[in-house]
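Could you have a look at this structure, given as structure tokens, before my questions?
Values quoted throughout were computed directly from the atomic coordinates according to the rules given, and no laboratory measurement underlies them. Here the structure is a predicted model, which is why all the values come from computation and not from measurement. With ideal geometry, Cβ positions are generated from the backbone for all residues, glycine too; neighbour counts draw on all protein chains shown.
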Amino acid sequence: MQIETKLEGEKLTLKVVGRLDTNTTPDLDAALKLDGVKEVAFDFAELQYISSAGLRVLMGAHKAMAAVGGTVKVLHPNAMVRGVFEITGLNAVFVVEP
């Protein structure tokens, strides 16, 4: 998995490429530097797979952003990743943009 981070003011964008699973979630967790951040955007245009471990990292970011009045967005998920959000009901928790 590859992660590209971009911090613009209070917005942190993380482009995640590859698979987000038990083996790779520690890397994403380490990339989530949320001090001073009010918006986190996960760009999943090139994410091939997300497991429950990956969803836990996203939920941790959501909890941190909720504590400071911030938001978490999921951008450009493919059909499989979008399906995971729909099946788990997390599409009601996160802003999911095509």
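Within the chain, which is the longest segment containing none of the trypsin sites (Lys or Arg not before Pro) that sit in a DSSP loop and have at most 14 other Cβ atoms within 10 Å?
Excluding the exposed sites themselves, the longest stretch runs over 39-98.
Hey, what did the stretch 2-97 get for relative contact order, percent, Cα under 8 Å, at least 6 apart?
The value is 27 percent.
Sort L12, L58, L7 so the one with the fewest other Cβ atoms within 10 Å of its own Cβ comes first.
So the ranking, lowest neighbour count to highest, is L7, L58, L12.
Which residues' amide hydrogens lie under 5 Å from the amide hydrogen of V72, considering only partners 5 or more residues apart or on another chain, with H built in the peptide plane?
V40, V95
Where in the chain are there GluC sites (Glu not before Pro) that are in a DSSP coil and have at most 12 other Cβ atoms within 10 angstrom of their Cβ?
E10
Next up: Using a Debye calculation, one point per C-alpha and no hydration shell, please list log10 I(q)/I(0) for the stretch 24-76 at q = 0.13, 0.25, 0.29 Å⁻¹ in order.
For the stretch 24-76 at q = 0.13, 0.25, 0.29 Å⁻¹, log10 I(q)/I(0) is -0.29, -1.07, -1.32.
Kindly state, as a whole number, the per residue volume in cubic angstrom of the convex hull around the alpha carbon atoms of the chain.
81 Å³
Between the helical axis of 52-67 and the dominant principal axis of the chain, each derived from Cα atoms, what acute angle in degrees is found, rounded to the nearest 10?
20 degrees
Can I ask one more? In deg cm²/dmol and to the nearest 500, what is the mean residue ellipticity at 222 nm of the chain if only DSSP H runs of at least 4 residues count, each as -39500 (n - 2.57), divided by the residue total?
About -10000 deg cm²/dmol.
Dipole magnitude of the stretch 2-97 about its Cα centre, charges +1 at Lys/Arg Cβ and -1 at Asp/Glu Cβ only, in debye to the nearest 20?
The dipole magnitude comes to about 140 debye.
Under the Karplus relation 6.51 cos²θ - 1.76 cosθ + 1.60, θ = phi - 60°, what is the ordered set of whole-Hz ³J(HN,Hα) values for the stretch 12-29, x standing for Gly and Pro?
In residue order, the calculated couplings are 10, 10, 10, 8, 10, 10, x, 10, 10, 9, 4, 6, 10, 4, x, 5, 5, 4 Hz.
Can you compute 3J(HN,Hα) from phi for each residue in the stretch 69-80, using the Karplus curve 6.51 cos²θ - 1.76 cosθ + 1.60 with θ = phi - 60°, rounded to whole Hz and x for Gly and Pro?
My calculation for the stretch 69-80 gives x, x, 9, 10, 10, 10, 10, 6, x, 6, 4, 5 Hz in order.
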